[in-house]
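Asker: Here it is, the structure, as structure tokens.
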Amino acid sequence: MTKPSVKRVALAYSGGLDTSVMITWLRENYGCEVVAVIGNVGQREDFEAIEAKALATGAIACRLLDLRAEFVESCVLPALRAGALYEGRYLLGTALARPVIAAGQVAVAREFDCDAVAHGCTGKGNDQVRFELTYRALAPELTVIAPWREWEITSREDAFAYAEARDIPVPGSPRKLYSIDRNLWHTSFEGGELENPAVAAPDDVRDLTVSPFKGNVEPEDIVVSFERGIPVALNSERLAPVELISRLNAVAGAHGVGRVDLVENRLVGMKSRGVYETPAGTVLLAALADLEAITLDRDTAAFKQSIATRYAELTYHGLWYSPLRAALDAFLESVHETTTGDVTVRLYKGQASPIARSSPHSLYREDLATFGEDTVYDQADAEGFIRLWGLPSSIAARVRAQAKTEDKPGAEAHAPHHPEPQPGPPAAISGPAQRPVSASGARANGA
Ligand code: ARG
């Protein structure tokens, strides 16, 4: 493959081994200038040191972008509102951060008049897809360079040798236990010992959570307040989303809440095993679902549930900047007009359980639901409702019974097990004379 000619490239830079080596590799192999782009999505690093390192290893410039608010407000909270969980368990921490970082990178590429963008993702993962689909959606004119799919380096040892031969300063030793991705929403671990899914993850595979057996031993009740499906306060203290999530991570993480160990299906085909810690996300997802239970009507709730998986797949599959995701967000914006209220969540030994909820828009009517005396719900109405609701079942049963009689001439038709309806023409199904119980007799309480 002949290399496209590139004069200046914006590289998504983390300061780790791979992207450190990459600055030199891009200059050697493309003869281009490199602008390093660091996206702060809450990974808690020494960004100044990383910036200095980028410049020391040959970048002509380095931009540190504080993308935390953007990450949370434009990606994390919309996904939370959608109830997005990939394959029912993964809160998408990495998948949600990639589009924000790539978009920041595109902005820097424009600022520095770059003609290419590059990333440090390997050719086996999902992240390459997420970066590159964002580049394509936002800046299709830029050339994309993915060194991991091109270079001869195939292992961490190779990268170390490459760095050593060129005096590139690199962190630690060639041995690294896990591949770790951190941001404000989660920490994820893959690789190393985790590659054998038959073996339990060692207990040191932790960053944001403590072991529930070693953490807080007393239950703790916290109150999360939402406005239009967005968390706005913790224990009655109003907080900006970034602050709210960091605080909630600390509170829930101390109870061991939000750690999952799973095998997932990567977009590129293989299965992979990972450990994820998403303490705040786990609490917020449970709390929001609990609030929706009182604010959303049955049909809207069911429909919303049916798109949650799709939303998660779009996110996981790199299609964040797709017309469908934008359209789903418009739907969710409307759905959440009344998702305002407070949820009390009990944190205890790895669990986050909603125990109380209230909303000014609650659809819950105690006078309707009560097992006690009420004046608004006439239980006699249930009788006609049930007869009509069951009409298709009654008709089907009669027709089946009739067909059986016709199949075996002379044989008795078997009536269905329940006493009603009696075999006969459908016209007789709902005659008042067949009502087994009188309206007043049916007035027993209960479900
Ligand atoms: N498998 C997850 C995803 O595709 C996380 C990938 C990055 N995590 C890591 N530890 N390298 O979203």
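Rule-based calculations on the coordinates, nothing more; no lab input. All values derive from a computational prediction rather than experimental measurement. Note that we place each Cβ from the backbone using ideal geometry, even for glycine, and neighbour counts take in every protein chain shown.
Asker: From (1) surrounded by fewer than 22 Cβ atoms within 10 Å (Cβ to Cβ); (2) part of a loop (DSSP other than H, G, I, E, B); (3) on the phi < 0 side of the Ramachandran plot, pick out the condition that doesn't hold for Gly269.
Answerer: Tallying (1) surrounded by fewer than 22 Cβ atoms within 10 Å (Cβ to Cβ); (2) part of a loop (DSSP other than H, G, I, E, B); (3) on the phi < 0 side of the Ramachandran plot, Gly269 fails exactly one: (3).
Asker: While we're on this one: Of everything in region 83-95, what is within 16 Å of the ligand (Cβ to nearest atom) and either in a loop (DSSP other than H, G, I, E, B) or closer than 22 Å to Thr339 by Cα (or both)? Give them in sequence order. Break it down into steps so the answer makes sense when it comes.
Answerer: The first filter runs over region 83-95 and keeps only residues within 16 Å of the ligand (Cβ to nearest atom), leaving 84-95.
The answer is Ala84, Leu85, Glu87, Gly88, Arg89, Leu91, Leu92.
Asker: So, in region 132-163, how many residues would count as being within 16 Å of the ligand (Cβ to nearest atom), within 29 Å of the chain's Cα centre (by Cα) and of a type outside the set (Val, Ile, Thr)?
Answerer: Of region 132-163, the ones within 16 Å of the ligand (Cβ to nearest atom) are 132-134, 146, 148, 155-156, 159.
If we keep only those that are within 29 Å of the chain's Cα centre (by Cα) too, we end up with 132-134, 146, 148.
Applying the additional criterion that residues be of a type outside the set (Val, Ile, Thr) yields 132-133, 146, 148.
Residues that pass the stated criteria total 4.
Asker: Scan region 226-269 for residues that are more than 16 Å from the ligand (Cβ to nearest atom) and touching a Lys or Arg at 6+ places or on another chain (Cβ under 8 Å) and report the count. Break it down into steps so the answer makes sense when it comes.
Answerer: Let us first name the residues in region 226-269 that are more than 16 Å from the ligand (Cβ to nearest atom), namely 226-257.
Going one step further and asking which of them are touching a Lys or Arg at 6+ places or on another chain (Cβ under 8 Å), we end up with 229-230, 232, 234, 239, 242, 255-256.
Number of matching residues: 8.
Asker: Still on this structure, please answer the following. Does any residue of region 105-113 turn out to be among the aromatic types (Phe, Trp, Tyr) and surrounded by fewer than 22 Cβ atoms within 10 Å (Cβ to Cβ)? Reasoning before the result, please.
Answerer: Applying the first criterion (among the aromatic types (Phe, Trp, Tyr)) to region 105-113 yields 112.
Add one more test, that the residue is surrounded by fewer than 22 Cβ atoms within 10 Å (Cβ to Cβ), and what stays is 112.
Yes - at least one qualifying residue is present in region 105-113.
Asker: Out of the residues in region 1-26 that are polar (S, T, N, Q) and touching a strand residue (DSSP E or B) at 6+ places or on another chain (Cβ under 8 Å), state the one that is surrounded by the fewest Cβ atoms within 10 Å (Cβ to Cβ). Step through it out loud before you land on a result.
Answerer: Let us first name the residues in region 1-26 that are polar (S, T, N, Q), namely 2, 5, 14, 19-20, 24.
Imposing the further condition that a residue be touching a strand residue (DSSP E or B) at 6+ places or on another chain (Cβ under 8 Å) reduces the set to 14, 19.
Details: Ser14: 21, Thr19: 23.
Taking the candidates together, the pick is Ser14.
Asker: Can you give me the number of residues within region 93-145 that are without any contact (Cβ under 8 Å) to a residue 60 or more places away in the chain, out of contact with any helix residue (DSSP H, G or I) (no Cβ under 8 Å at 6 or more places or on another chain) and charged (D, E, K, R)?
Answerer: Qualifying residue count for the region: 4.
Asker: Quick one: Val129 ticks every box in (1) part of a helix (DSSP H, G or I); (2) surrounded by fewer than 18 Cβ atoms within 10 Å (Cβ to Cβ); (3) within 13 Å of the ligand (Cβ to nearest atom) except a single one, so which number is it?
Answerer: All conditions pass for Val129, except number (2).
Asker: So, in region 45-81, exactly how many residues are away from the ligand (no atom under 16 Å from the Cβ), within 14 Å of the chain's Cα centre (by Cα) and either assigned to a loop (DSSP other than H, G, I, E, B) or small (Gly, Ala, Ser) (or both)?
Answerer: Counting residues in region 45-81 that are away from the ligand (no atom under 16 Å from the Cβ), within 14 Å of the chain's Cα centre (by Cα) and either assigned to a loop (DSSP other than H, G, I, E, B) or small (Gly, Ala, Ser) (or both) gives 1.
Asker: Which count do you get for residues in region 314-330 that are surrounded by 15 or more Cβ atoms within 10 Å (Cβ to Cβ) and in a helix (DSSP H, G or I)?
Answerer: Going through region 314-330 one residue at a time, the tally reaches 6.
Asker: In region 170-225, which residues are among the polar types (S, T, N, Q) and either within 16 Å of the ligand (Cβ to nearest atom) or not in a strand (DSSP E or B) (or both)? So that I can check it myself, show each step before the final result.
Answerer: So in region 170-225, the residues among the polar types (S, T, N, Q) come out as 173, 179, 183, 187-188, 196, 209, 211, 216, 225.
Listed by number, the residues that qualify are Ser173, Ser179, Asn183, Thr187, Ser188, Asn196, Thr209, Ser211, Asn216.
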